[in-house]
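Comments concern the structure below.
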């Protein structure tokens with residue numbers, strides 16, 4: 001099976017490329033200049049030339065705070081660009097898996113969000129991703145939209161890498177404790193995407209289409225996440241780092257974050273039989289790998 005993935009340097013794209021060969025899947029990464037989501041006219045030719053069995057729409061504008069001052073760029077990539085990718089998949093008559101985010105919710109619920117819960121964004125980034133969901137779903141019924149959250153991996157820039165870097169020179173750090181979510185390894189996402197792609201390519205069932213939540217099992221705050229990272233690093237010989245729990249109000253940012261980013265994975269498990277590992281176990285694997293590469 002051949003899967004085309006939009007974007008070359010993203011965490012999920014790199015994870016898919018790494019594990020694809022071990023799963024007997026050819027992963028084709030396509031990005032700038034051949035495919036530029038800021039120029040929708042490049043999208044169809046770049047995708048069609050690869051002759052994919054499934055398209056994974058992973059490229060995105062992910063600078064959450066910067067998006068507040070660059071709304072046009074965020075919407076061009078996350079909405080218009082995502083829609084163009086889905087339109088190309090529709091013309092080629094292949095499924096598209098589109099990656100979205102917990103930021104489509106305002107975070108005010110007191111339980112994990114389900115797919116049919118009311119959406120409501122708090123940021124330009126969230127609004128651009130929500131519009132992307134709308135354009136993807138309107139472009140083709142042959143889609144699966146996977147909302148994920150708090151993504152980390154051995155690749156790119158992410159929370160785990162930031163904590164390990166800061167922990168090299170600091171004995172304590174202030175980390176927000178009043179935002180709760182589901183840390184999610186991009187390597188786990190990649191495994192799930194490949195499993196889902198195989199099903200979508202061979203099974204036309206409507207129940208496999210639509211919106212699904214794809215996050216690590218379990219939950220925690222950013223402070224919980226940081227403490228676990230430092231415990232894991234300490235077991236590998238790193239010096240201890242104290243986490244001081246702070247409020248979101250103590251660490252203001254241009255974009256508002258949802259206080260509750262928990263996403264229920266029940267529908268994904270029911271329809272695909274996919275349940276991602278407990279987030280602490282996956283975090284341990286990524287921390288161990290990063291420290292071994294130093």
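The values are calculated or read from the model by the stated rules, or taken from the named source; none is laboratory data. Being a predicted model, the structure only gives us computed values, none of them experimental. Methodologically, a virtual Cβ is constructed for each residue, glycine included, from the backbone with ideal geometry; neighbour enumeration extends over all protein chains shown.
What the table shows:
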{"quantity": "Test: residue in the stretch 126-146 that is assigned to a loop (DSSP other than H, G, I, E, B), more than 14 Å from the chain's Cα centre (by Cα) and under 26 Å from residue 278 (Cα atoms)", "calculated": "no"}
{"quantity": "Residue satisfying all of: in the stretch 254-272; part of a helix (DSSP H, G or I) and out of contact with any strand residue (DSSP E or B) (no Cβ under 9 Å at 6 or more places or on another chain); farthest from residue 217 (Cα to Cα) among these", "calculated": "270"}
{"quantity": "Answer residue from the stretch 151-173, given it is in a strand (DSSP E or B) and touching a helix residue (DSSP H, G or I) at 6+ places or on another chain (Cβ under 7 Å) and is farthest from residue 9 (Cα to Cα) among those", "calculated": "173"}
{"quantity": "Test set (1) under 18 Å from the mean Cα position of the chain (by Cα); (2) modelled with pLDDT under 95; (3) more than 30 Å from residue 257 (Cα to Cα) - residue 8 fails condition number", "calculated": "(3)"}
{"quantity": "Residue that is at pLDDT 95 or above, crowded, with 24+ Cβ neighbours inside 10 Å and farther than 18 Å from residue 184 by Cα, where the choices are 125, 152", "calculated": "125"}
{"quantity": "Residue list for the stretch 218-253, filter: in a helix (DSSP H, G or I), touching a strand residue (DSSP E or B) at 6+ places or on another chain (Cβ under 9 Å) and surrounded by fewer than 16 Cβ atoms within 10 Å (Cβ to Cβ)", "calculated": "248, 250"}
{"quantity": "Conditions (1) buried (at least 16 other Cβ atoms within 10 Å of the Cβ); (2) in contact with a strand residue (DSSP E or B) (Cβ under 9 Å, 6 or more places away or on another chain); (3) in a loop (DSSP other than H, G, I, E, B): number failed by residue 275", "calculated": "(1)"}
{"quantity": "Test: residue in the stretch 44-65 that is over 19 Å from residue 14 (Cα atoms) and under 17 Å from the mean Cα position of the chain (by Cα)", "calculated": "yes"}
{"quantity": "Number of the condition not met by residue 200 [criteria: (1) in contact with a strand residue (DSSP E or B) (Cβ under 8 Å, 6 or more places away or on another chain); (2) assigned to a helix (DSSP H, G or I); (3) under 21 Å from residue 170 (Cβ atoms)]", "calculated": "(3)"}
